[in-house]
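Participant: Quick one: the structure is below, and I'll ask about it shortly.
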Amino acid sequence: MTVAAIVPAAGRGARFGGPENKIWVDIGGRPLIQWTLRALETHPGIDSLVIVGAPDELDRLRDAAAAPAKPTRIVAGGATRAESVLRGLESLDAGVQTVLVHDAARPAVPPDLIDRVLAGVRSHGAAIPGMPCTDTAKVCDPQGRVEATLDRSRIALVQTPQGCRRDLLERAYRVAGAAANGTTDEASLLERADIPVHVVAGDAANVKVTLLADLAAVRRALIGRGSGEVRTGLGYDVHRLASGRELWLGGVRIEHDQGLEGHSDADVVVHAVCDALLGAAGLGDIGLLFPPGDPAHRNRRSTEFLAEIGPRLRAAGWLVTNIDAAVLAEAPRLAPHRTAMAEAMAQALELEAKRISIKATTSEGLGPVGRREGIGCWAVATLQRAEEQ
């Protein structure tokens, strides 16, 4: 049988909470959608793919699917999953006999699970993977009161790919009509048309990324523990000393007769740490994320930058292992403030303070810092893949 895989990728993933469609989140240096497409196009039982994307992301999807191993078509999706799948279905070549519909956000689908679904389609006409329900399941009313306890031995927690003969899925859409848009998977459509659906064994590794917390499990499945991926970033910043400014270093206000010139609070310690973190993760630099000419950042506390960078690192799958900063200043004396500086930055990053080390040294009277014209800071940050800890 000729098999095509339809990948609905037009949703926005509101529950994920990221700044863009979750299919673009980085996993091991590649967007999530590329892992999904790779799993499907390398399977010997799949002959072609159709990616159904949001109209404003079609070019980006073409780039992600560049040089595919098998014929791949990209079409614009609709307002609902069912509408997007229908558009993918309508775009298939006439010779396609079997359709697999697979969530774009399930990048770790194992080959043997696809084998089981295809075998189920051959035997039964329609098959879906399901996991056993291990918890007691209750039916509740809208107020949260329990109405009934279900027999969990008869409950399957359904995954994708969901497979069926093409003619059966087309019939199910005809029967459902406009009501198809209210369904959440292809099996629901088939059930409406009284088409039997067979459940085959799912796989715990076949995690769907719905929430940010799901990324750790997906990364474990794709990359695994012990991959040893560690990255190090280097940051440096220097600012001129000026009268009439408060001196902020490491998120701490320090009494001094001068402060540092800059658009924000000019905290060279935090700025160097920001660049070290962003550089290690490959997420740009502080000037790119927080442009110095932007009025929104005028006199802004630099620890607020750290508080925004922390979630970006976690979303990209990185944990901060260690930060080491060396401050270059002739004055004031910084040793009494090192603990407070580490604690302020740790709070902004939601880290343990023991992961941050602050050192202070002078320039022995040499250069602009030695002449007390400014203060500088070098910082090194070490990141580790989230599944490694």
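Participant: Based on this model, can you work out whether Gly279 counts as assigned to a helix (DSSP H, G or I), under 21 Å from Gly376 (Cβ atoms) and either touching a helix residue (DSSP H, G or I) at 6+ places or on another chain (Cβ under 8 Å) or touching a residue at least 12 places away in the same chain (Cβ under 8 Å) (or both)?
Facilitator: Spelling it out, Gly279 is indeed assigned to a helix (DSSP H, G or I), under 21 Å from Gly376 (Cβ atoms) and either touching a helix residue (DSSP H, G or I) at 6+ places or on another chain (Cβ under 8 Å) or touching a residue at least 12 places away in the same chain (Cβ under 8 Å) (or both).
Participant: Can you find a residue that is in the same structural domain as Gly374 (by TED's automatic domain parsing), touching a Leu at 6+ places or on another chain (Cβ under 8 Å) and either free of Cβ contacts under 8 Å to residues at least 60 places away in the same chain or in a strand (DSSP E or B) (or both) anywhere in segment 262-273?
Facilitator: The answer is yes, given that some residue of segment 262-273 is in the same structural domain as Gly374 (by TED's automatic domain parsing), touching a Leu at 6+ places or on another chain (Cβ under 8 Å) and either free of Cβ contacts under 8 Å to residues at least 60 places away in the same chain or in a strand (DSSP E or B) (or both).
Participant: I've got another one for you. Tell me yes or no: at least one residue of segment 292-304 is of a type outside the set (Val, Ile, Thr), in contact with a Leu (Cβ under 7 Å, 6 or more places away or on another chain) and either under 23 Å from Gly370 (Cβ atoms) or outside the structural domain of Pro110 (by TED's automatic domain parsing) (or both).
Facilitator: Taking every residue of segment 292-304 in turn, none turns out to be of a type outside the set (Val, Ile, Thr), in contact with a Leu (Cβ under 7 Å, 6 or more places away or on another chain) and either under 23 Å from Gly370 (Cβ atoms) or outside the structural domain of Pro110 (by TED's automatic domain parsing) (or both).
Participant: Every residue in segment 319-331 that is more than 30 Å from Ile27 (Cβ to Cβ) and either of a type in the set (A, V, I, L, M) or at pLDDT 95 or above (or both), please.
Facilitator: Of everything in segment 319-331, those that are more than 30 Å from Ile27 (Cβ to Cβ) and either of a type in the set (A, V, I, L, M) or at pLDDT 95 or above (or both) turn out to be Ala326, Val327, Leu328, Ala329, Ala331.
Participant: Out of the residues in segment 200-222 that are in contact with a strand residue (DSSP E or B) (Cβ under 8 Å, 6 or more places away or on another chain) and surrounded by fewer than 19 Cβ atoms within 10 Å (Cβ to Cβ), which is farthest from Asp115 (Cα to Cα)?
Facilitator: The selected residue is Ala204.
Participant: With respect to Arg314, determine if the residue is over 30 Å from Lys22 (Cα atoms) and part of a helix (DSSP H, G or I).
Facilitator: no
Participant: Separate question: Checking Ala64 against (1) modelled with pLDDT of 95 or more; (2) surrounded by 17 or more Cβ atoms within 10 Å (Cβ to Cβ); (3) not basic (Lys, Arg): exactly one of these is not met. Which one?
Facilitator: The number of the failed condition is (1).
Participant: Would you pick out the residues in segment 93-122 that are in contact with a helix residue (DSSP H, G or I) (Cβ under 7 Å, 6 or more places away or on another chain) and not basic (Lys, Arg)?
Facilitator: Val96, Gln97, Thr98, Val99, Leu100, Val101, His102, Ala104, Ala105, Pro107, Ala108, Val109
Participant: Considering Leu61, Leu37, Leu49, Leu32, which residue is of a type in the set (A, V, I, L, M, F, W, C) and more than 22 Å from Asp214 (Cβ to Cβ)?
Facilitator: Within the list Leu61, Leu37, Leu49, Leu32, the selection yields Leu49.
Participant: Still on this structure: Count, please, the residues in segment 77-96 that happen to be loosely packed, with under 15 Cβ neighbours inside 10 Å and in contact (Cβ under 8 Å) with a residue 60 or more places away in the chain.
Facilitator: The qualifying residues number 3.
Participant: Is there any pair with a first residue in segment 294-308 that is under 16 Å from Ala381 (Cβ atoms) and a second that is of a type in the set (S, T, N, Q) whose Cβ atoms are under 6 Å apart and which are 6 or more apart or on different chains, and what are they?
Facilitator: Pairs found: Ser302/Ser264.
Participant: Yes or no: segment 189-209 includes at least one residue that is in contact (Cβ under 8 Å) with a residue 12 or more places away in the chain and either within 30 Å of His271 (Cβ to Cβ) or polar (S, T, N, Q) (or both).
Facilitator: The answer is yes, given that some residue of segment 189-209 is in contact (Cβ under 8 Å) with a residue 12 or more places away in the chain and either within 30 Å of His271 (Cβ to Cβ) or polar (S, T, N, Q) (or both).
Let's see how each residue does on (1) surrounded by 10 or more Cβ atoms within 10 Å (Cβ to Cβ); (2) closer than 17 Å to Thr184 by Cα; (3) under 32 Å from the mean Cα position of the chain (by Cα):
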position: Ala127; (1), (2), (3): yes, yes, yes
position: Cys133; (1), (2), (3): yes, no, yes
position: Lys138; (1), (2), (3): yes, no, yes
position: Val146; (1), (2), (3): no, no, no
position: Val158; (1), (2), (3): yes, yes, yes
position: Arg165; (1), (2), (3): yes, no, no
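Participant: Give the residues of segment 237-255 that are surrounded by 14 or more Cβ atoms within 10 Å (Cβ to Cβ) and either hydroxyl-bearing (Ser, Thr, Tyr) or not in a strand (DSSP E or B) (or both), sorted by residue number.
Facilitator: Across segment 237-255, the qualifying residues are Arg245, Glu246, Gly250, Gly251.
Participant: Out of (1) under 21 Å from Val3 (Cβ atoms); (2) in contact with a helix residue (DSSP H, G or I) (Cβ under 7 Å, 6 or more places away or on another chain), the odd one out for Cys133 is which?
Facilitator: Of the numbered conditions (1) under 21 Å from Val3 (Cβ atoms); (2) in contact with a helix residue (DSSP H, G or I) (Cβ under 7 Å, 6 or more places away or on another chain), the odd one out for Cys133 is (1).
Participant: For Ala217, which of the numbered conditions (1) within 28 Å of the chain's Cα centre (by Cα); (2) part of a helix (DSSP H, G or I); (3) in contact (Cβ under 8 Å) with a residue 40 or more places away in the chain fails to hold?
Facilitator: For Ala217, the failing item is (3).
The values are calculated or read from the model by the stated rules, or taken from the named source; none is laboratory data. Note that the coordinates shown come from a computational prediction; the quantities given were computed from them, not determined experimentally. With ideal geometry, Cβ positions are generated from the backbone for all residues, glycine too; neighbour counts draw on all protein chains shown.
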